[in-house]
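Undergrad: Dropping a structure here in structure tokens format, bear with me for questions.
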Amino acid sequence: MNHMKKELPVRGFLMHLSHYDPLWTREDWRRKYPFDLKLGMDLIDEMSRSGLNTLIVDCEDAIRFKSHPEIARSYTEPTGLLEKIFKHAAARNIEIIPKLNFSQSSFYGHNEWMYPHNKWDDKKDIFDSEEYWKIAFELIDDILEIGQTKKFHIGMDEDNDRSHRLFKDAINILCAGLAKRNIRTIMWRDSRTDPRGEGFTEKHNYAESRIPKDIIPIIWKYDEAGNPATIKHIIENGFELWGATGETASKDVVSRWRKSLLKYGGRGLILTKWIPCHEINRKSLMDIIKQLGPLL
């Protein structure tokens, strides 16, 4: 009799080289606690020991873009930083998935990393214009030159500036451009029901039947497992679904996440903590991989 635990095919961790949201901005975390490569390498080693096989790397303005060096900040590093991460993960048979967030959100600021091209350029409004998308793909191509990848995470959570139609159009533009580069699109899939988050969920519900089925949506939920009905619905509508948890997750939350994903055909679960990859956070980041990683 086979008593081996059934595993999710994708067992991952999201590492932040940089990140933009209200907390990170208010606390000035990007400048105070820039990415620590030594810790990043140690986390990848722990991923390998804990059975994880997928690393999403939140790049944003942590590396210098060859096509647009004007995006660089005081904490920006040469592209060799990301190249070292690619090589270290590949040597441990861990798939790398780069992430740039193209959500447009005046409140959450997820697209502020792209300044001065996030909304205005030379005093022109380039919001979702042909010029904006040209720049977006130049930045994507810069990352694709650094290391090989089969998937790319485009963010798209908590978008409160686009209409439903423009939100759907943005996803399709990014997906089509990545498909031309033989890259599969991954994105966040909001499923919140709270008053602020309901609008984001409505946009994703609207886009669901109007975007390609080969996009991989990731539902994120931390204090509890994702809603089984939502998981079932997305999978039955033809998408390969992953989940994301970890910020405040317990072993029980991970267990319930995993059970629902496996029951309905989900393919992956990603762990993360929305804190800088810096030595001050070493224990917290290592612990989430050590304690929850083997449960995936």
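What follows is calculated from the coordinates using simple rules that are stated; it is not laboratory data. Here the structure is a predicted model, which means the values were calculated and not measured. Counting neighbours? That spans all protein chains shown, and the Cβs are built from the backbone with ideal geometry, glycine included.
Undergrad: Among GLY51, CYS175, LEU14, which residue has its Cα positioned farthest towards the positive end of the charge dipole of the chain, with +1 placed on the Cβ of Lys and Arg, -1 on the Cβ of Asp and Glu, and the dipole taken about the Cα centre?
TA: Most positive-ward Cα: GLY51.
Undergrad: For the modelled label position 7 Å from the Cα of SER74 along Cα-to-Cβ, which residues of region 10-32 have backbone nitrogen atoms closer than 15 Å?
TA: 25-32
Undergrad: Students often forget the sequence filter, so: which lysines lie under 25 Å Cα-Cα from LYS87 once same-chain residues fewer than 8 apart are removed?
TA: The qualifying lysines are LYS38, LYS66, LYS99, LYS150, LYS151, LYS180, LYS273, LYS283, LYS290.
Undergrad: Determine, for ARG11, ARG64, the number of other Cβ atoms within 10 Å of each Cβ, and report the residues in order from fewest to most.
TA: ARG64, ARG11
Undergrad: If the chain between SER163 and ARG49 were fully stretched, how many nm would it gain, using 0.36 nm times the residue separation less the Cα-Cα distance?
TA: Gain on extension, SER163 to ARG49, equals 36.6 nm.
Undergrad: Can I ask one more? Determine, from the Cβ-Cβ distance of LYS87 and ASP287 and an R0 of 30 Å, the FRET efficiency 1/(1 + (r/R0)^6), rounded to the nearest 0.05.
TA: So, using R0 = 30 Å, E works out to roughly 0.70.
Undergrad: A further question on this structure: Calculate the spin-label point distance for ASP194 paired with GLU236, positioning each point 7 Å from the Cα along the beta-carbon direction, and give it in nanometres.
TA: 2.8
Undergrad: Next up: ILE97: net charge of surrounding residues, Cβ under 9 Å, Lys/Arg +1, Asp/Glu -1, itself excluded?
TA: Value of the local net charge: +2.
Undergrad: Can you tell me the FRET efficiency between TRP274 and LYS123 if r is taken as the Cβ-Cβ distance and R0 is 35 Å, rounded to the nearest 0.05?
TA: 0.55
Undergrad: Of the beta bridges DSSP finds with both residues in the chain, what % are antiparallel, to the nearest 5?
TA: If we restrict to bridges inside the chain, about 5 percent are antiparallel.
Undergrad: Here is a further query. Dipole of region 11-295 (Lys/Arg Cβ +1, Asp/Glu Cβ -1, origin at the Cα centre): which of ALA91, TRP133, PHE200 lies farthest to the positive side?
TA: After comparing all options, I get ALA91.
Undergrad: Starting with the fewest neighbours, write out CYS59, CYS175 ranked by other beta-carbon atoms found within 10 Å of each beta-carbon.
TA: CYS175, CYS59
Undergrad: Name the GluC sites (Glu not before Pro) in region 1-60 that are in a loop by DSSP and that have at most 13 other C-beta atoms within 10 Å, would you?
TA: GLU7, GLU27
Undergrad: Can I ask one more? What is the Cα centroid distance between region 146-176 and region 180-249, reported in whole angstrom?
TA: Region 146-176 and region 180-249 have Cα centres spaced 13 Å from each other.
Undergrad: Could you calculate the contour length gain from TYR222 to ARG267, that is, 0.36 nm times the residue separation minus the distance between their Cα atoms, to one decimal place in nm?
TA: Roughly 14.4 nm would be gained on extension.
Undergrad: Take GLU130 and ARG31, extend 7 Å from each Cα along the Cα→Cβ direction, and tell me the distance between the two endpoints in nm.
TA: 3.8
Undergrad: Taking square-rooted eigenvalues a ≥ b ≥ c of the alpha carbon gyration tensor, is region 38-107 rounded, prolate or oblate, where a/c under 1.5 means rounded and, failing that, a/b exceeding b/c means prolate?
TA: prolate
Undergrad: Given +1 on the Cβ of Lys and Arg, -1 on the Cβ of Asp and Glu, and no further charges, what dipole in debye does region 11-295 carry about its Cα centre, rounded to the nearest 20?
TA: So the dipole magnitude of region 11-295 works out to roughly 1000 debye.
Undergrad: Okay, moving on. What shape does the chain take by its C-alpha gyration tensor, where a ≥ b ≥ c are the square roots of the eigenvalues and a/c under 1.5 counts as rounded, a/b above b/c as prolate, and the rest as oblate?
TA: Oblate, since a/c reaches 1.5 and b/c is not below a/b.
Undergrad: In nm, to one decimal, how far is the TYR206 label point from the SER67 one, both placed 7 Å along Cα→Cβ?
TA: 2.8
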